[in-house]
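For reference, the structure is listed below as C-alpha cells.
Here, each number is a calculation from the coordinates, and none is a lab measurement. The structure displayed is predicted, hence computed values, not measured ones. Please note: Cβ atoms are built from the backbone with ideal geometry, for glycine as well, and neighbour counts cover all protein chains shown.
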Amino acid sequence: QVQLVESGGGLVQAGGSLRLSCAGSGRTFSRYAIGWFRQAPGKEREFVASISWNGGYTYYANSVKGRFTISRDNAKNTVYLQMNSLQLEDTAVYYCAAGAGGSFESTYTYWGQGTQVTVSS
C-alpha cells in the first residue's frame, strides 16, 4: 500500500551534517508512523528515531538524541532525518519504515531499500 524511497545519503566528515529524506508514494502515507533504522556491516539493524502519523510525537534512540531530528511533511509525503554532529559510529545503511510506530521492527509493515551514510575522520 505504501512504497518508501530513501535519499540524501553520502560521505561526510565527522562533525558534519546530513539530511535524509524518506518519500512515500501512497495516498495513505500520512496515516502511518514512520521510523528510521540503520544497519552497519556485521551488526544488527537498530532503531534510530520515529515519528507519529501527525508529527506530534517523536522518539529517539539514546545514541542519537540531541544530534538527530526527525520531522515530516505530510503534504509532501516525506519524512526527514536531520543528522548533526555526525560520528564515525553513525556509518550505516539507513532505512525508513512505515507502520504502527515505536522502536521495534515488528511494528513496521513497509520498508525502503536504504541509503548509505558514511562518516569519515
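For this structure, a couple of remarks:
- Virtual spin-label span in nm between Ser121 and Arg27, 7 Å along Cα→Cβ: 5.3
- For the chain, the relative contact order comes to 36 percent (Cα pairs under 8 Å, sequence separation of at least 6).
- Computed over neighbours whose Cβ is under 9 Å from that of Gly114, the net charge equals 0, Lys and Arg +1, Asp and Glu -1.
- A simple count of charges around Gln1, restricted to other residues whose Cβ falls under 11 Å of its Cβ and scoring Lys, Arg +1 and Asp, Glu -1, yields +2.
- Length, then width, then depth: along the principal axes, the Cα atoms of region 56-102 run 33, 18, 17 Å.
- Residues of region 75-116 with amide N under 17 Å of a point placed 7 Å along Cα→Cβ from Ser52: 99-104
- Computed lengthening from Ala100 to Arg45, 0.36 nm per intervening residue step minus Cα-Cα distance: 18.0 nm
- Sorted on the mean count of surrounding Cβ atoms within 10 Å across their residues, most packed first, peptides 45-55, 11-21 read 45-55, 11-21.
- Neighbour net charge for Leu20 - beta-carbon separation under 15 angstrom, K R +1, D E -1: +2
- Approximating the spin labels as points 7 Å out from Cα along Cα→Cβ, the Lys76-to-Leu88 distance works out to 3.4 nm.
- The smallest convex shape that holds all Cα atoms of the chain, its convex hull, gives 88 Å³ per residue.
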